[in-house]
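Notes for the one structure printed next.
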Amino acid sequence: MKKHLTTLFLVGMIMLLPSCKAKCPPERISRVDSLSLFPEIDKTKNTKPTFIEIKGKQVRVDRMITGPVCNEAWSGVVYVTCDIQIPTAEVDRLFWRQCDFNVKEGSVVYVEAHKDKQYDRGCSCHE
């Protein structure tokens, strides 16, 4: 149950990116009008860990998230960039129910749009 709640919080955080006080210009977060335009989850996707600077420190991240965000399986340390694509609110406010989206328990997610804030226990855009 805790895993499910963490996933829901992270999904809500991503959906609310444009409404929060963010450092991302609006043009970097794209809205997609149809859920059918999101690719299926790629379970063979190989990612190479990299280091990025977060709040003045070099942090090793296992995956940088860019492009479509719907059918995803995140684990380890994940960095969500501003360069993402999410559905428009008019498509379906609860569209995540139709996505194959999972965040493994124990994962840490940093969100560029939230000034690189670290989320490891769920989150809320309006804390």
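Taken together, the values in this text are just the output of simple stated rules run on the coordinates, not laboratory data. The model shown is predicted, which means the values in this text are computed figures rather than measured ones. Counting neighbours? That spans all protein chains shown, and the Cβs are built from the backbone with ideal geometry, glycine included.
Annotations for the structure displayed:
- Between GLN85 and THR66, the contour length at 0.36 nm per residue exceeds the alpha carbon distance by 6.1 nm.
- Label separation (GLN118 vs GLN98): 3.6 nm, computed from points 7 Å beyond Cα along the C-beta direction.
- Environment charge at SER75 (Cβ cut-off 10 Å; Lys +1, Arg +1, Asp -1, Glu -1): 0
- Backbone geometry of region 112-120 corresponds, through the Karplus equation with coefficients 6.51, -1.76 and 1.60 at θ = phi - 60°, to 3J(HN,Hα) couplings of 4, 5, 9, 6, 6, 5, 8, 10, 9 Hz, x marking Gly and Pro.
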